[in-house]
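The values are calculated or read from the model by the stated rules, or taken from the named source; none is laboratory data. Keep in mind the model is a prediction, meaning the values are calculated, not measured. We place every Cβ from the backbone using ideal geometry, glycine too, and count neighbours over all the protein chains shown. These accessible areas exclude ligands, DNA and RNA; they are computed on the full protein's heavy atoms, side chains included. Shrake-Rupley method; radii C 1.70, N 1.55, O 1.52, S 1.80 Å.
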Amino acid sequence: MSTGAGTDDGQGRRRWRREEVARAAGVKVRNLRYYQERGLLPPPRREGRIAWYSDDHLTRLRLISDLLGRGYTVHGIGELLDAWEQGGGISQLLGLEREMTRDWVSEEPVTMTRAELRELFGPGATAAHTRRAAELGYVRVDGDRVTYPSRRLLEATVALVRQGMPLGEILDAGEFVQEQAAALADRFVGLFRRHVIGPEGLGPLSATQLDHVREAVAALRPVAGEVVASEFARAMGRRVEAEVAELLRTEQ
């Protein structure tokens, strides 16, 4: 099954088929040939009839889309990329994109059959629950196989179900958590964009400034998770304490 996530080339690097890299970059497949013809995108590496694109191709496509969105023409983008390449800046940008996007998610996937899924969750789990979990991104379904991208979330869900919580309400809570997590991510990214990168974006930054951004990403990556985990633990402590106090009052 093609997920658009690329495949490993056997040397720890991702590679992408034409449709996969276009989907990952959010562009139309026909744009790849157009960008190659205009010199914006290097040709892919070919193995027989298969054209393989690399992470660098994906980064260039995202950069091109960003510049088009900011009003640059294709010709202007070509000149800009040429200038960055001649000054060594394009490698800085490609390296920065890899640094900024890697290591945010480190999960162990789990794949099982539908029968194993039913056995794991019991009779309370229905096909409707599986469909909703897929819509929320908690599972991927391929025929009779179901894959959980996160073993930790799977184990947490099973633990809650075994404590008697309805799977539908767990999914409701998961959707709420996703919404809140997205809002938190927007806040952190906004702060980083305004105060570390600056309002003009990456284009005007020198090599030294790009190195500073890369170092800031490495330093701040663990901070966001630590802040959220700490604040959630504090909030849970306060809420549980209040709930216990209320329960004790009602028993008097």
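Quick look at the values:
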| read-out | value |
| --- | --- |
| Region 209-252: C-alpha gyration tensor shape, a/c 1.5 cut-off, then a/b vs b/c | prolate |
| Accessible-area composition of region 120-252, carbon plus sulfur, in percent [1.4 Å probe] | 60 percent |
| Mean separation of Cα contacts under 8 Å (6+ apart) over length of region 97-252, as relative contact order % | 22 percent |
| Projected-area mean, region 110-182, by convex hull of Cα positions, square nanometres | 4.5 nm² |
| Per residue accessible area in Å² of region 152-243, where ligands, DNA and RNA are left out and the probe is 1.4 Å | 70 Å² |
| Under-5 Å amide H pairs with Tyr53, H placed in peptide plane, nonlocal only | Trp16, Arg17 |
| His212 versus Glu19: modelled label distance in nm, points set 7 Å from Cα along the beta carbon direction | 4.5 nm |
| Spin-label model distance (nm) - Glu175 vs Arg234, 7 Å beyond Cα toward Cβ | 3.1 nm |
